[in-house]
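Input: a single structure, listed below in C-alpha cells.
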Amino acid sequence: MSQRQPVTRSASRAGGRRAKAPVSRLRRWTKRLLWTVVIVGVLGVIGLAVAYALMPIPKANEAALAQTTTIYYADGKTPIARISDVNRESIPLSKVPVAVQHTFLAAEDRSFYTNRGVSPSGIARALKAAVTGGETVGGSTITQQYVKNFYLTQDQTVTRKLKEIMISLKLDRQLSKDQILDNYLNTIYFGRGADGIQTASRAYFGVDASKLTVAQGALLASVIRGPSFYDPRLGAEQTQLAEGRWNYVMDGMVAKGWMTQAERDAQKFPTTIKPVAQASTSGTNGYIVDQVKKELLGKLQLTDAEIDRDGLKIVTTIDPKKQQAAVDAVKQLPKDPKNLHVGLVSIQPGNGAILSMYGGADFQKRQFNDATDATIQAGSTFKIFALIAALQNGVSTRQTYSGRSPQFFDEFKDTSAATDFLRRGGVQNFGNEQFGTIDLIDATAHSVNTVYAQVNIAATPKKTTAAAAAAGVTTTMKSVYANVFGTDNVKVIDMANAYATLAAGGARSTPYLVKSVTAAVGDYSYKAKPTTKQVFDKPLVADVLQAMQAVVQRGTGSYAGARLDRPAAGKTGTTTDNYGAWFDGFTPNLATAVGIYKGDGSSANPDNMMDNVPGVGQLTGGTVPVWIWTAYMTQALQGMPVVDFPSAAHINTPTNTAPPATSSTTTATTTAPPTTATTTAPPATTSTAPPTTTTTTTGTRTPPPTTPIVPLPTSPPAPGGLLGPPTQKP
C-alpha cells in the first residue's frame, strides 16, 4: 500500500496538469487578444490624433460649386442644355429670424449648440453604409453637412467621410456655432436653382429671408432633404412628403422648447409661388432635361445638389438628327384650337436606348410630358397582345374566322351598358365593314373587330394583359374581354418599348435616357449597361411580325408602307368616339410610337372627342398618327441599314373552324347596330359606304374587300395641312 501511494499521487498530479492545460492556453490567448485590441486601439487613437493634427482645413470649394452641369446629345459634343448656374446671395445670420434658424436645427441637428460638430451614431451608420455598400443614410450634423458642401465633394466613400469628420471637429473648435450656422444657411442647396437661404426665400415665397415666417422657414428646412421630392409645386406626391416633413419640423420646435404647443397649433402649411422655369427647360428639349433629371435622381440615386452644381457631363441616348426629325414631323399636327396633344418616343430594339422623344411643344408652358406622363386608351394597338396570347394558346395565324359585322358573344355581354346592343354582347367592325372568312393575318391588316373578339376568347383576357406586361406595358390593366379593343390606358413610351420588344425578336429591354455621367468634382462616373430579357419565343414573334407587316403593306397603315423603302411593321389604333389615336410601328432597328389625344384625354368629356378636327374630320390611327410616324421614320432611318424581318415560322396548326363554341353569334341582319358603342363602335359617318361582300362562316376563305384608298401624295403633309386617306380604319 505504502509502495503504491507515490504512484497514485504522481498520477494524480500528472492528470491534474493535463486537465488544466487547455485552460492555461485559453488564458494566454485571451491575454494576447486583449493586448492586441489595446495596442490596436492605442495605435488607432494615435493615428486619429495624428490625422487630426495633420488634416488641414482646405480652401472653400467655391470653384466646384460654381461649375455648371451640362446635358449632351448622344455624340457627347452637342449640348442639349446647361443646368442651373450657381445662384447665391449671402446674408448675415442676423438677418434670418431666430425662429427660422431654429426650424433648420429642428429639421437637421437638434443638438447643434451642444455637440462637438459630429454625431457618433450618425457616423457609425454612415461608415457602415459606405463599407458595406448599403443605402446612403442621414445622421450628419449641420457642421458635417456644411463641411461636405463647402470644402469637399459628394463622393460616398470612407475616405471622404473621415475627412468630413476631422474637418468638422476642427471647425467646431475654430468657429463659433453662429458662424457655422451662418455659413451653412448661405451654402445649402434648396432646389429651384437656389443656393443659400436668401435666394431660396425669393424662389419659394418671393420675399427676402428677413421676412420669412416660421411656417415658411420650416418648409425650406424640409425642402433641403431633397428638393425634387419635397417641393410641393412639383405634384401631389411631393406635397404629401413636404407636409409630413414640415409637421416633423414643427413638432421638433415644440420638443426643443422653441415654440409652444398653442403656437404650433396655429401654424398652417405655407403656400409657395410658382417656380420660374429655367431657360434650359424651354421648348421641346425641356421634356428631355426633365426626364434625364428624373433618371439621375431615381435610377442613379444622385441628389439635386449633385445634379445642379457638381459640373456633371451627362451624355444622353438622344440622337440629334432623329430628335429634330421628331420635332419636324409633329409640326404636321393640325392646328386645332381645342388643344390636341401628341407624344412620340423612338427606341432602339434590343437595347432600350431612347433615341428621340417628343413630350410637348414647350416645357415652360406645360410641364406635363405627353410621351411619358400621359395615358391614352390603347385602341386597336392592343390587339397585338391578344394575338400573342392566342398563339401561346395554340392558335395559328392561318386560322380563319368569320369577319361579318355585327356579331354577338356571351363573353362580351355588359349588363350595365346603356344600349341593348352592348348588353347582348354586340361587337361590330369600324364603319360596320363586312368581311368573309379571313385568317388572322388579314384580320390584323384590316383591324377586324369581330375577328379579334374571337381571338381574345381563344387567348383569354388574363393572358392578353400578361402579354402586354411582358412586352413592356407598365400601366394597370384589366383582364376583361373588351381589353382586346384597347380599353386600358397606356403610355406612349410603354407602347414604343413593347413594340421594340417584337422588333427585337421577343427580347424586352429597359428604356433609358442617360448613357454616361462624369463629374468635374470627385471621381464619380457612370456608364449605362442595357438590360434585356427574352420574353417571347422567336418563332412566335416571327408569326406576329408577318401579320403586323401586312398592316403596313396593304392594311390600315398602308400610308406608311407606300413611303418607306424598307420592311416595316406596325398597328394603327383608334378608340371609341375618337378619344385617342395611335400608330405604333418599327423596322428591325428602330421602333417608334405616336399617340394623340385632346384636352385631358378623359372619355367623360365630349369635348375631347377627335371626331371633327379641322382639316381632318375624324382623327383616327390611320390618319394623323401614321402621317407623323411616316414623316419621322423617313428622316430618322436615313443612313441606317435596311434589315429584313425573319420569315414566318407558322407555329401551331390551323383548325379552320367556326367561332369558338362558347360564343353565340347572330347574323348581321338580325339587329341593326347602334351608331356608337363603348368599346368597338365606329364613328357615326364615313366617306365610303361599306362593301357588300357576302358573309360566310365555313368553307373556302373569301378574300377581304379592297379598302378604297385616296391616291397618296408624293410628299408628306405640310405643317398643319391635310393629306392622306380619310377613310382609313383604326
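The values are calculated or read from the model by the stated rules, or taken from the named source; none is laboratory data. On a predicted model such as this, the values are computed, not experimentally measured, just so you know. Here Cβ is always computed from backbone atoms with ideal geometry, including for glycine, and neighbour counts include all displayed protein chains.
Out of the range 186-208, which residues are assigned to a helix (DSSP H, G or I), under 27 Å from residue 364 (Cβ atoms) and not hydroxyl-bearing (Ser, Thr, Tyr)?
Correct list: 197, 198, 200, 202, 203, 205.
I'd like to check something: does the range 432-444 contain any residue that is closer than 29 Å to residue 368 by Cα and assigned by TED's automatic domain parsing to the domain that holds residue 596? No - not one qualifying residue is present in the range 432-444.
Per the listing 559, 579, the residue uniquely of a type in the set (Phe, Trp, Tyr), more than 23 Å from residue 648 (Cβ to Cβ) and surrounded by 24 or more Cβ atoms within 10 Å (Cβ to Cβ) is 559.
When you check residue 506 against the structure, is it modelled with pLDDT under 95 and either surrounded by fewer than 21 Cβ atoms within 10 Å (Cβ to Cβ) or assigned by TED's automatic domain parsing to the domain that holds residue 448 (or both), yes or no? Answer is no for this residue. Test residue 552 against the stated conditions and say whether it is assigned by TED's automatic domain parsing to the domain that holds residue 487, touching a residue at least 40 places away in the same chain (Cβ under 8 Å) and not acidic (Asp, Glu). When the stated conditions are applied, residue 552 does not pass them.
Would you mind finding the one in 473, 455, 448, 427 that is under 34 Å from the mean Cα position of the chain (by Cα), hydrophobic (A, V, I, L, M, F, W, C) and farther than 24 Å from residue 504 by Cβ? Only one candidate qualifies: 448. The lone criterion from (1) outside the structural domain of residue 369 (by TED's automatic domain parsing); (2) in a loop (DSSP other than H, G, I, E, B) left unmet by residue 517 is number (2). A search for C-beta distances below 8 Å between a residue of the range 290-303 that is surrounded by 14 or more Cβ atoms within 10 Å (Cβ to Cβ) and any residue that is of a type in the set (D, E, K, R), counting only pairs 6+ apart in sequence or on different chains, returns 297/304.
Given the options 157, 141, name the one that is modelled with pLDDT under 85 and either assigned by TED's automatic domain parsing to the domain that holds residue 223 or closer than 16 Å to residue 112 by Cα (or both). It is 157. Restricting to the range 68-94, and then to whatever is exposed (fewer than 14 other Cβ atoms within 10 Å of the Cβ) and farther than 30 Å from residue 291 by Cα, can you tell me which residue is modelled with the lowest pLDDT? Ranking the candidates gives 92 first.
Results for (1) more than 19 Å from residue 543 (Cα to Cα); (2) modelled with pLDDT of 95 or more, shown as yes or no for each residue.
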{"residue": "347", "(1), (2)": "yes, yes"}
{"residue": "352", "(1), (2)": "yes, yes"}
{"residue": "355", "(1), (2)": "yes, yes"}
{"residue": "358", "(1), (2)": "yes, yes"}
{"residue": "365", "(1), (2)": "yes, no"}
{"residue": "369", "(1), (2)": "yes, yes"}
{"residue": "372", "(1), (2)": "yes, yes"}
{"residue": "388", "(1), (2)": "no, yes"}
{"residue": "391", "(1), (2)": "no, yes"}
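Checking 319, 308 one by one, the residue that is at pLDDT 95 or above, over 30 Å from residue 617 (Cβ atoms), outside the structural domain of residue 444 (by TED's automatic domain parsing) and charged (D, E, K, R) is 319 and no other. Applying the condition of being of a type outside the set (Gly, Ala, Ser) and part of a loop (DSSP other than H, G, I, E, B) to the range 157-185 and asking which residue is surrounded by the most Cβ atoms within 10 Å (Cβ to Cβ) yields 175.
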